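Quick one: the structure is below, questions incoming.
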Amino acid sequence: MKKRLLCALLALSLLTLPGCKRDPEPVEFSTFAMDTMMSFTLYGDKEKCAIARSTIGMILSDYEAALSATREDGGIAKVNRADGQPVELGSPQLLERTLELCEVTGGALDITAYPAVKAWGFTQEEHQVPSPAELAELVEKIDYTAIKLEGDTVTLPAGVEIDLGAVAKGYVGDVLAGQIGLTSALLDLGQSTITAVGAKPDGSPWRVGVVDPARPGACFAVVELEDMAMGTSGGYQRYFEQDGEIYWHILDPDTAAPARSGLASVTVASPSAFLCDGLSTALFVMGLEDGAQFWRDHPELDFEAVFVTETGEIYRTAGLEGRFSLAEGYEDREVKVLE
Ligand code: AMP
Ligand code: MG
C-alpha cells in the first residue's frame, strides 16, 4: 500500500517538473481580412478561446469596413469622396495618432500619398509607371498638413485623398491584443505585422522570424517577443517589374515614386503594433542613416529596429541585445549594432 502511494506521489512530482510540463494545445486558425491572410494562435481554456475567436472576427470585420479606402462602403473611401466637405468619423483616434506620426517623422510617413499609390496602380494591381509630369502633379497633392481634424470631423481639400494602409494593421493588432481577454496569444496580421500577447504558456518568449528581403521564403533572424509587436516594411512585399526596373509600394512623399533609400527592409519592434507598422514604413523612406538618427532622437517612442540594405548588410539597434539572433543558415552574417 505504502509502495503504491509512493509511486503515485513520484508520478505526480514528475508531471509537475519543469522538463515534463507540456504546453496546452493552442487554438489555431487563419482568416482573410484587410487584403491579407491572417493567422492566430490562442492559448487559454476552451471557452475563453472561443470567445476570443469570435471577438477577433467581429473586430476585423468592423475595422476592415471603417478603414478601407478601396471598398465602396469603406469609412476612408467616404472621406476621400467628400470633395472638400467635412465628414464625421466614428472614432477619430487612429487618424489623430497617425497625423502625429506623420509630423514626428517629418513627413516620411504621409497618408496623403494615396493619389500617388493609385497612380502607380498599387490599389487595383494594374501597375504602371506615371510620367515625370504626372509625378510632379502628384507630389503637389501630398501634404498631410492640409488635413483638418477638428474633434470628430475631418476635412480634406478637394483633390486630396488619404489611405491608412501604412498603419491600419498595426493599429488593429493593438485593438485585438487589448480585447481578446487572453494572456498568451500570437496574432499574425499578415505581411509581417505580428503582435505577441504575453509569453508562451511555458513562460518563454514568442520567437518570431524576420524575412530575408533577398529570399522572402526564408527568415534571416529571430526576435524574441513578450507583450511586444513587430512589423516589417520591405520592397519585396508588393512590387512590379517593368523594363528591368523594380517598383515597390512604399513611396517617397518628396517624389511620389518608390522610395529608393538604399534599404531592402526595415523591421520595428515595440510594445505598440501601431508604431511598428507606421515607423517601419517611415524608416524605409528615411533610409539607414536618417532612420538610425531618428531612433537616437526619439527614445520616448520606445522602439527598436533592424535594417537590411539593398546590398544585404544587416544593422540592428542596441536595445535588441539578447532578443535578436541570426537564424539557422545565416550564422556567419555580420550584424552591425547601432548605438
Ligand atoms: P506598409 O506595408 O505598412 O509599409 O505600408 C505601405 C502602404 O502604405 C502602401 O501600400 C500604401 O498604401 C501606403 N504608403 C506608401 N508609401 C507611404 C508613405 N510614405 N506614407 C504613408 N503611407 C504610404
Ligand atoms: Mg507600415
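The values are calculated or read from the model by the stated rules, or taken from the named source; none is laboratory data. None of these values were measured; they are calculated from a predicted model. Because the Cβ atoms are built from the backbone with ideal geometry, glycine has one as well, and the counts that use them run over all protein chains shown. Remember, those area values only see protein heavy atoms, side chains included, never the ligands or the DNA or RNA. Shrake-Rupley method; radii C 1.70, N 1.55, O 1.52, S 1.80 Å.
Considering only region 143-178, state which residues are open to solvent by 30 Å² or more (accessible area, probe 1.4 Å), within 16 Å of ligand 2 (Cβ to nearest atom) and either in contact with a Phe, Trp or Tyr (Cβ under 6 Å, 6 or more places away or on another chain) or among the aliphatic types (A, V, I, L, M) (or both).
Residues satisfying the conditions are ASP163, ASP174.
Something else: Filter region 254-304 down to residues that are away from ligand 2 (no atom under 14 Å from the Cβ) and over 17 Å from the mean Cα position of the chain (by Cα), then give me how many there are.
21
Are there any pairs with C-beta distances below 7 angstrom linking a residue in region 273-294 that is aromatic (Phe, Trp, Tyr) to a residue that is within 10 Å of ligand 2 (Cβ to nearest atom) and outside any helix (DSSP H, G or I), with the two at least 6 apart or on different chains, and if so which?
Listed pairs, sorted by first residue: PHE274/VAL167; PHE284/SER233; PHE284/ILE250; PHE284/VAL266.
Matching residues to (1) within 25 Å of VAL139 (Cα to Cα); (2) aromatic (Phe, Trp, Tyr); (3) in a strand (DSSP E or B):
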| residue | (1), (2), (3) |
| --- | --- |
| THR232 | no, no, yes |
| ILE246 | yes, no, yes |
| ASP254 | yes, no, no |
| ALA305 | no, no, yes |
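Within the set of pairs 6+ apart or on separate chains, which have a first residue in region 29-48 that is among the basic types (Lys, Arg), a second that is open to solvent by 50 Å² or more (accessible area, probe 1.4 Å), and C-beta atoms under 8 Å apart?
The qualifying pairs are LYS48/GLY181.
Write out, first by first residue and then by second, each pair whose Cβ atoms fall under 9 Å of each other, whose residues are 6+ apart or on separate chains, and whose first residue, in region 170-186, is acidic (Asp, Glu) while the second is assigned to a loop (DSSP other than H, G, I, E, B) and within 16 Å of ligand 2 (Cβ to nearest atom).
Going by the 9 Å Cβ cut-off, the qualifying pairs are ASP174/SER272.
Do we find a residue being surrounded by fewer than 15 Cβ atoms within 10 Å (Cβ to Cβ) and more than 29 Å from LEU94 (Cα to Cα) anywhere in region 282-305?
no
Every residue, every condition in (1) of a type in the set (Lys, Arg); (2) within 13 Å of ligand 1 (Cβ to nearest atom); (3) loosely packed, with under 15 Cβ neighbours inside 10 Å, yes or no:
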position: GLY209; (1), (2), (3): no, no, no
position: ALA218; (1), (2), (3): no, no, yes
position: LEU225; (1), (2), (3): no, no, no
position: TYR236; (1), (2), (3): no, yes, no
position: GLY244; (1), (2), (3): no, no, yes
position: TYR247; (1), (2), (3): no, yes, no
position: ILE250; (1), (2), (3): no, yes, no
position: ALA257; (1), (2), (3): no, yes, no
position: GLY262; (1), (2), (3): no, no, yes
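For region 179-192, what are the residues that are within 14 Å of ligand 1 (Cβ to nearest atom) and either modelled with pLDDT of 95 or more or open to solvent by 30 Å² or more (accessible area, probe 1.4 Å) (or both)?
Within region 179-192, LEU189, GLN191, SER192 meet the criteria.
Additional query: Got at least one residue in region 112-124 being touching a Gly at 6+ places or on another chain (Cβ under 7 Å) and either assigned to a loop (DSSP other than H, G, I, E, B) or hydroxyl-bearing (Ser, Thr, Tyr) (or both)?
No, region 112-124 has no match at all.
When you go through VAL160, VAL154, VAL167, VAL104 one by one, which is the residue that is closer than 26 Å to ILE246 by Cα and of a type in the set (A, V, I, L, M, F, W, C)? Step through it out loud before you land on a result.
Working: VAL160 fails: closer than 26 Å to ILE246 by Cα; VAL154 fails: closer than 26 Å to ILE246 by Cα; VAL104 fails: closer than 26 Å to ILE246 by Cα.
From the options VAL160, VAL154, VAL167, VAL104, the qualifying one is VAL167.
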